[in-house]
Amino acid sequence: MAYRSRIIGTGSHLPDKIVTNAELAKTVDTTDEWIVERTGIHQRHIAREGETTAALAFQAGENALEAAGISASDLDLVIVATTTPDNTFPSTATKVQAMLGMAHGAAFDLQAVCSGFIYALATADNFIRAGQAKNVLVIGAEVFSRIIDWEDRTTCVLFGDGAGAVVVQAFEPEDDEKTGILSTHLHSDGRLRDLLYTDGGAGSNSCVGKVRMLGRELFRHAVSNLASVVDEASEANGLQKNDIDWLVPHQANKRILDSTAKKLGLSAEHVVVTVDQHANTSAASVPLALDTAVRDGRIQKGQLVLMEAMGGGLTWGAALVRW
Ligand code: UT7
């Protein structure tokens, strides 16, 4: 039996606390004008004390299950993409599994920083294609605010907290039916680890560490890697420019989004942008943007949706979905 997978529900959850650029400018040497002009960010949501990655992930997961019309008892796998797990171990996914009331199936975390959701979606798709899972809850969730150096203006203005989720379900396609997840494409280049990293870790110095970034160089790699992976996804599916209905990109910087859209020949109306409201929520950014555009009715059945992301590692990837 040849199984394929499709997304049957999306959900998200954001902390209610909002921090504007103007508020940040009171504590670090920056301005609203600089942040908006260089990144497109106006505000970000920041978790309150006690509001953990698992808490955000659970809410997003519940919302996705409700939209999908299935319950946790129907799931056989939970994958949480995160860089900010509640504990070094056990995984945040097992915590979410317990919060969902599941005592069956399997749960694990996946770490690919900002590309985490694309990696997790590809993993779920492959589990389903291999016949090893029927219903998978894929979550991207982060409280990046807890690993930010709030005195470093080159990074602290860029990130926010949140969670997004999708339920991926197996189906048996008709003969030439091209719906659901059409293809996924993952890449990494560990030689470029020093462009974006934390200066600590459980296995090196017993510390969590803070985010360090070489922004300008990272920007250059983001533009070229994302251009090449969207080309790869288009070529793998025989697409022409303009065939894509919606680009749902990782929300790191509005200027990077614009450049990828241009590469695809897409006008601004076909790009889902949340970076202005959410900033960069790492693994949560793509599913948060996806859920936004599904719930406000932009993404419709039958449309072609291209998701892409790039992050620390470096890691990058894309997923093409016929909704
Ligand atoms: O999610 C993973 C992927 N992440 C990315 O892809 C991020 C990629 N990088 C970027 O988005 C951009 O490089 C940034 C938004 C991080 C920076 O924008 P930029 O246009 O590349 O600025 P820059 O780093 O070249 O800095 C320009 C100037 C510098 O001052 P000097 O050296 O020219 O005097 C910075 O010190 O802007 C200064 N600067 C700031 N000024 C005000 C850096 N951060 C700030 C700030 N406020 N927050």
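The values are calculated or read from the model by the stated rules, or taken from the named source; none is laboratory data. Note that the structure is a prediction, hence the values are computed from the model and not measured. Here the Cβ is made from the backbone with ideal geometry for all residues, glycine too, and neighbour counts use every protein chain on show. The accessibility values were calculated without ligands, DNA or RNA, using every heavy atom of the protein model including side chains. Shrake-Rupley method; radii C 1.70, N 1.55, O 1.52, S 1.80 Å.
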**Prompt:** Tell me, what HN-Hα J-couplings in whole Hz come from the Karplus equation 6.51 cos²θ - 1.76 cosθ + 1.60 at θ = phi - 60° for each residue of region 160-171, using x for Gly and Pro?
**Reply:** x, 10, x, 8, x, 8, 9, 9, 10, 10, 6, 8
**Message:** Through the Karplus equation 6.51 cos²θ - 1.76 cosθ + 1.60, θ set to phi - 60°, convert the phi angles of region 27-35 into ³J(HN,Hα) values in whole Hz; use x for Gly and Pro.
**Reply:** 10, 10, 7, 8, 9, 4, 4, 4, 5
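So, by mean Cβ neighbours within 10 angstrom, what's the order for 16-22, 203-209 with the highest one leading? Don't skip to the end; give the middle numbers.
Working: 16-22: 14.1, 203-209: 10.9.
Highest to lowest by the protection proxy: 16-22, 203-209.
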**Fill in**
Percent relative contact order for the chain, counting Cα pairs under 8 Å at least six residues apart, stands at 26
**Request:** Quick one: go through region 154-186 and flag any residue whose amide nitrogen is under 17 Å from the point 7 Å out along the Cα-to-Cβ line of Lys26.
**Result:** 157
**Asked** Relative contact order for region 180-322 using alpha-carbon pairs under 8 Å, separation at least 6, rounded to a whole percent?
**Response** 37
**Request:** Search the structure for amide H atoms under 5 Å from the amide H of Ser183, placed 1.01 Å from N in the peptide plane, and list their residues when 5 or more places away or on another chain.
**Result:** Leu320
**Message:** Need one word for the chain: rounded, prolate or oblate. Basis is the Cα gyration tensor (sqrt eigenvalues a ≥ b ≥ c); a/c below 1.5 gives rounded, then a/b vs b/c decides.
**Reply:** oblate
**Complete:** Sequence order, region 225-239: Karplus ³J(HN,Hα) from phi using 6.51 cos²θ - 1.76 cosθ + 1.60, θ = phi - 60°, Hz rounded, Gly and Pro as x, gives 5, 5, 4, 6, 6, 6, 4, 4, 5, 5, 5, 4, 10, x, 8
**Request:** Could you work out the local net charge near Lys17, counting Lys and Arg as +1, Asp and Glu as -1, over the other residues with Cβ closer than 10 Å to its Cβ?
**Result:** -1
**Prompt:** Given a 1.4 Å probe and every protein chain left where it sits, what share in percent of the accessible area of region 180-322 is carbon and sulfur?
**Reply:** 49
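At a temperature of 37 °C and a viscosity of 0.692 mPa s, determine how fast region 4-171 diffuses translationally according to Stokes-Einstein, using the Kirkwood radius over alpha-carbon pairs as Rh; express D in µm²/s, rounded to the nearest whole number.
Details: Rh = 16.5 Å.
Estimated diffusion coefficient is 198 µm²/s.
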**Asked** Amide H neighbours of Gly162 under 5 Å, counting only residues 5+ apart in sequence or on other chains, H built in-plane at 1.01 Å?
**Response** Glu142, Phe144
**Request:** Enumerate the amide H contacts of Leu77 below 5 Å, restricted to partners 5 or more residues apart or on another chain; note that Pro and chain-start residues carry no placed amide H.
**Result:** Ala106, Asn135, Leu137
**Prompt:** Which lysines, on any chain, are close to Lys262 with Cα under 27 Å apart, when same-chain ones fewer than 8 places away are left out?
**Reply:** Lys178, Lys241, Lys254, Lys301
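Could you give the accessible area per residue of the chain, probe 1.4 Å, as a whole number in Å²?
Details: 13830 Å² over 323 residues.
Per residue, the chain has an accessible area of 43 Å².
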